[in-house]
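Heads up, the thing below is written out as C-alpha cells.
The values are calculated or read from the model by the stated rules, or taken from the named source; none is laboratory data. Every value quoted in this text rests on a predicted model; they were computed, and no experiment measured them. Cβ atoms come from the backbone with ideal geometry, glycine included; neighbour counts cover every protein chain shown.
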Amino acid sequence: MYLSNRVRVDASNQLDADEYCKQSYSAYHTDVHDESDQNRFICEVCNRKFAAPTKLKRHMRIHTGERPFYCTVCDKKFTQSSSLRTHMRIHTGETRFNCKLCDKKFTKPSDLTRHMLVHTGERPIFCEVCDKKFADSSQLRIHMRVHTRERRFICKECDKKFPSLSDLIRHCTLTRENDLLAVKFVIRSLWIRHT
C-alpha cells in the first residue's frame, strides 16, 4: 500500500481482522451481535466484559503491553491498526481535518477540537488547587509543577532547575545573550535523552 510518492507501507501483517466474525453486518447476521451477547467475553485480569473476542483481544494489549502494529518509517508501535493509520498521516503530510476559521490543518480530529479552543477562548480544564483554567490537560500537567515544585529541566551550564522546557529555553537565551547555539544544544540534548 502506498500512502504517498515517498512512503510505502507494508500492511500485509497489519490487519486487525475479526476472527470470530468475518461476515459483514447484514440483517441475517445481526443476531450474532445482539445486545444479549454483551457479556459473552470476559477479561480474566480486570473482569471487563466484551461482545466479541476481537474486542477482548484488543483490550488484553493494555495488560500485556503488546503493540503488534508498527510504523515501517519510524518504528513506533501501536495497539490498534487504526492508530497506525492515523500516525502514518504524519509521514505522508495528509491533513484531513481543517479549521474553517483560520485554515489550519490537522491529522487528527482531536487536534482540531483542541485547536478550536483558541478561537472560542474556552478553557474547560481547571486546576483543583488554585482554580486556574487551561485549554488542555497538557497545560494543566505543566502548571501542576508550580504546586509540586517539580523542576525537571536543568541548565547544563549553571545547574538551575525549571518546571518547563520553555522556561529553560528562556533562561538560556537571556543568560547567554540570545545564544541560539546554546538553545539548540539544550533542545538536542533533551531529545537525545528522550529517545
Only one of Glu177, Glu157 that is in a loop (DSSP other than H, G, I, E, B) and at pLDDT below 80: Glu177
Complete set of residues in region 50-104 that are at pLDDT 90 or above, within 28 Å of Thr120 (Cβ to Cβ) and assigned to a loop (DSSP other than H, G, I, E, B): Cys99, Lys100, Leu101, Cys102, Lys104
Residue among Thr120, Thr175, Thr113 that alone is surrounded by 11 or more Cβ atoms within 10 Å (Cβ to Cβ) and under 29 Å from Glu94 (Cβ atoms): Thr113
